[in-house]
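Presented below is the structure to which this report refers.
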Amino acid sequence: MDAFDTPVSKGPGGLARIISWSLENRFLVVMLTVFLALGGVWALRTIPLDAIPDLSDPQVIVQTTWEGTSPQIVEDQVTQPLSRRLTSTPGAHVVRGYSFFGQSLVYVVFEEGTDLYWARSRVQEMLSSMGGTLPDGVVPRLGPDASGVGWVYEYGLVSDSVDNKALRRAQDWIVKPSLQTLPGVSEVASVGGLVRQFQVSVDPVALRGAGLRLGDIEAALRLASADAGGESIELAETEWMVRTRGLVRTIDDLRDIPLQPGSKPTSPMGGGMGGTVPASEPAGSLRSVRLSEVATIVEGPAMRRGLTDLDGDGDVVAGIVVMRYGKNALATIEAVKAKFEELKPSLPKGTRIVPLYDRSHLIEDAVGHLGWKLAEEMLIVALVCALFLFHARSALIAVFTLPVALLAAFLVMRLQGIGADLMSLGGMAIAIGAMVDAAIILVENAHKHLEHEQEKPPQERREHWSVILESAVEVGPSLFWSLLLITISFLPVFALEAQEGRLFHPLAFTKTWAMAAAAALSVTLVPVLMGMFLTGRIPSEQANPVNRLLVRLYHPVVSGVLRHPWVTLVGALVVLASAVYPLGRLGSEFMPPLFEGDLLYMPTVLPGISVTKSRELLQQTDRMIRTVPEVEQVFGKSGRAESATDRKSTRLNSSHATLS
């Protein structure tokens, strides 16, 4: 009769009935296990990968730009009104405001567990109700939907034949728009290089002589640099669209802009450096002048609040890829690299894209290292089982159960939204030793039953599957509840909140799911595997020389401690007391040391340092760091990138050294 069709007797109790049902429906149990393993493989291939869990709070950033305005004015007229209004946002826990030269950043931190996109919609509603509160032309906008650890990749555009202006144009008009189309990219922030700008320097004497004000020039520039439509006309049975083409493209276009004097005195806030038009001179007598008569127009770089440097050799055009909240970091980085290959033909000739920071190396090293450790643990378990059970097929039962339980845990993680990182995989590594206990004890107990059955005469021996059922029912329920007890031992970890909870919850979840899967398999799959693999002659316990040696060493030790119980207890207390002194001097760290292969050096300088001096210090620092033999590359940054996720000022430099 086929092994899957042999009937077995029923066992008493709920778990015993589950074991009996599993043995009666062996084919179904095996098929369900195969489907479970396939689901785990799918989860393993699609689960988000990162180095460590995201420890940042749920937050929404409100960014407001007010060009050329001092930090104090930004604080009084932008940051404070926004902060006061956003404190009443539903679910907001903390509101922090930062004011910089020409920019305001307000961070709205929400309560633990708040959905980020729900929080963004609430903040947007609060901003829409602030009409008329902020100065004219100042419009706040939401920052990227990213977390505090969203900077997953940084790159630079370098060339020996293309200047920084052209490289910055390639970054802003080719690379950046293309990368922002990728699903996992929230924002691409540009930093470094020179942004092309037309600069108008007004001569105050000529301006007053022409009877003009700065407001007149500003208004003329706004009106002149724009295209406009003029409806349509019909000529010769054809419709013609009427339009004006006034967009400024060259310096000559700016020089020819006509200026008309205003008719009102200059207000203190109107930029009236030119004063007022003399009342004795009628407005009609003032001739129309061109912009070139009262101002000097040149093409130059825009003012920068962020500088970069590569290896101490000078400025480099760089981009920072900010990952969308909750996305797969490794998949996002791989998509960025693939997009770079597509963009190479579109870049200026001789331009190269060099990586400046790549988190994928850390992710692959961390996850790969832990994966190898899991494989080593499974191999050690297999060798120990084979050594002590003295039966190769028995070791296969434990070896097969471990990956199935781990794949089941991965499936639950994927459905729950937990990513694979050092903490979550660490939970599996912690659980492996306990996960295999049930399988080993079940196999060892089956060995005993089969060994006793072999000692009987052939006509008195019971059917093979009946012996397996009896041995599994004897210890299976107890093992199941013991595994569940170990499973709930991590319940206090779920009480942790804030950053501690975000750090340790993945570890507790994965250990819980792995142990729960092992407990379920111990009363379903393991009995079936025992019946399939524990066939033929089973070696006795005394036939194993390792077991004989350990038993011979164990008996005198047990006899000694039982004859002298108080000595044993006092010795245990002495060992426990000896741990008090080193325990009080161990110290504590929130995060264990993690070797990333990179070093970050962040010196600070006195407030008020100029951009030129900050660039000089940055280059000197990078040049010295690059002289260290172990340093392969140094990328330096001073000030802010064009992103709401970066609030550094020019007094804070950072040098990222990549080690070889």
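The values are calculated or read from the model by the stated rules, or taken from the named source; none is laboratory data. Just so you know, these numbers come straight off a predicted model, no measurement behind them. Positions of Cβ are backbone-derived with ideal geometry, glycine not excepted, and every protein chain shown enters the neighbour counts. Ligands, DNA and RNA are excluded from the accessible area calculation, which covers all protein heavy atoms including side chains. Shrake-Rupley method; radii C 1.70, N 1.55, O 1.52, S 1.80 Å.
What is the sum of charges around Ser99, taking Lys and Arg as +1, Asp and Glu as -1, for the other residues whose C-beta is under 12 Å from the C-beta of Ser99?
Result for the neighbourhood of Ser99: 0.
Candidates (i) 1.39; (ii) 1.15; (iii) 0.97; which is the computed Rg/Rh (Cα atoms, Kirkwood Rh)?
Looking at Rg/Rh (Cα atoms, Kirkwood Rh) for this model, the match is (ii).
Give, rounded to the nearest 20 debye, the magnitude of the charge dipole that the range 542-660 has about its Cα centre when Lys and Arg contribute +1 at Cβ and Asp and Glu contribute -1 at Cβ.
320 debye
Would you compute, from DSSP H runs of 4+ residues alone, the mean residue ellipticity of the chain at 222 nm, taking -39500 (n - 2.57) per run and dividing by the full residue count, rounded to the nearest 500?
So the calculated ellipticity at 222 nm is -15000 deg cm²/dmol.
Report the FRET efficiency, 1/(1 + (r/R0)^6), for Leu617 and Arg96, where r is their Cβ-Cβ distance and R0 is 22 Å, rounded to 0.05.
So the FRET efficiency works out to roughly 0.20.
Ignoring ligands, DNA and RNA, how do Trp21, Trp465, Trp513 rank by accessible area with a 1.4 Å probe, largest first? Please list the in-between numbers first.
Working: Trp21 110, Trp465 10, Trp513 80 Å².
The ranking, largest first, comes out as Trp21, Trp513, Trp465.
What net charge do the residues around Leu406 carry, taking every other residue with its C-beta under 13 Å from that of Leu406, with Lys and Arg at +1 and Asp and Glu at -1?
With Lys, Arg at +1 and Asp, Glu at -1, the neighbours total +2.
Taking the alpha-carbon distance from Lys339 and a cut-off under 24 Å, which lysines remain once sequence neighbours fewer than 8 residues away in the same chain are dropped?
Once the sequence-local lysines are set aside, what remains near Lys339 is Lys165, Lys176, Lys327, Lys349.
Net charge within 11 Å of Pro506 by Cβ-Cβ distance, Lys/Arg positive one each and Asp/Glu negative one each, not counting Pro506 itself?
Once positives and negatives cancel, what remains is -1.
Given labels modelled 7 Å from the Cα in the Cβ direction, how far is it in nm from Leu491 to Glu463?
Calculated label separation equals 4.1 nm.
How large is the charge dipole for the range 293-342, taken about the Cα centre, if only the Cβ atoms of Lys, Arg (+1) and Asp, Glu (-1) carry charge, to the nearest 20 debye?
480 debye
Assuming R0 = 56 Å, what is the FRET efficiency of Ala338 and Leu387, from their Cβ-Cβ distance, to the nearest 0.05?
0.75
So for the pair Val580, Leu44, with labels modelled 7 Å out along Cα→Cβ, what separation do we get in nm?
4.9 nm
With 19 Å as the cut-off, how large is the P(r) tail for the range 506-635, expressed as percent of Cα-Cα pairs?
Result for the distance tail: 81 percent.
On the full set of protein chains, 1.4 Å probe, figure out the accessible area of Met303 and give it in Å² to the nearest 10.
150 Å²
To the nearest 10 square angstrom, what accessible area does Lys337 show with a 1.4 Å probe?
Counting only protein heavy atoms, Lys337 exposes about 70 Å² to solvent.
Would you mind pulling out the separation of the Cα centroids of the range 369-441 and the range 509-564, in Å?
What the calculation gives is 16 Å, centre to centre.
Given that compact globular proteins tend to follow 2.2 N^0.38 Å, what is the ratio of the alpha-carbon Rg of the range 1-136 to that value?
2.07
Keeping the other protein chains in place, figure out the carbon and sulfur percent of the accessible area of the chain, with a 1.4 Å probe.
Carbon plus sulfur share of accessible area: 61 percent.
At 1.4 Å probe size, put Arg122, Arg290, Arg255 in order of accessible surface, largest to smallest.
Arg290, Arg255, Arg122
Residue farthest toward the positive end of the dipole of the range 559-628, with Cβ of Lys/Arg at +1 and Asp/Glu at -1: which of Pro582, Pro603, Leu562?
Leu562
At 7 Å along Cα-to-Cβ for each site, give me the label-to-label distance between Val138 and Val570 in nm.
Modelled inter-label distance: 7.9 nm.
Give me the 1.4 Å probe accessible area per residue for the chain, excluding ligands and nucleic acids, in Å².
Value returned for the chain: 53 Å² of accessible area per residue.
Mind checking the dipole of the range 590-660: about its Cα centre, +1 per Lys or Arg Cβ, -1 per Asp or Glu Cβ, Debye to the nearest 20?
Approximately 420 debye in magnitude.
Looking at Gly97, Ala329, Leu484, which one has the Cα that reaches farthest to the positive end of the dipole of the chain (charges on Cβ: Lys, Arg +1; Asp, Glu -1)?
Among Gly97, Ala329, Leu484, the one farthest towards the positive end of the dipole of the chain is Gly97.
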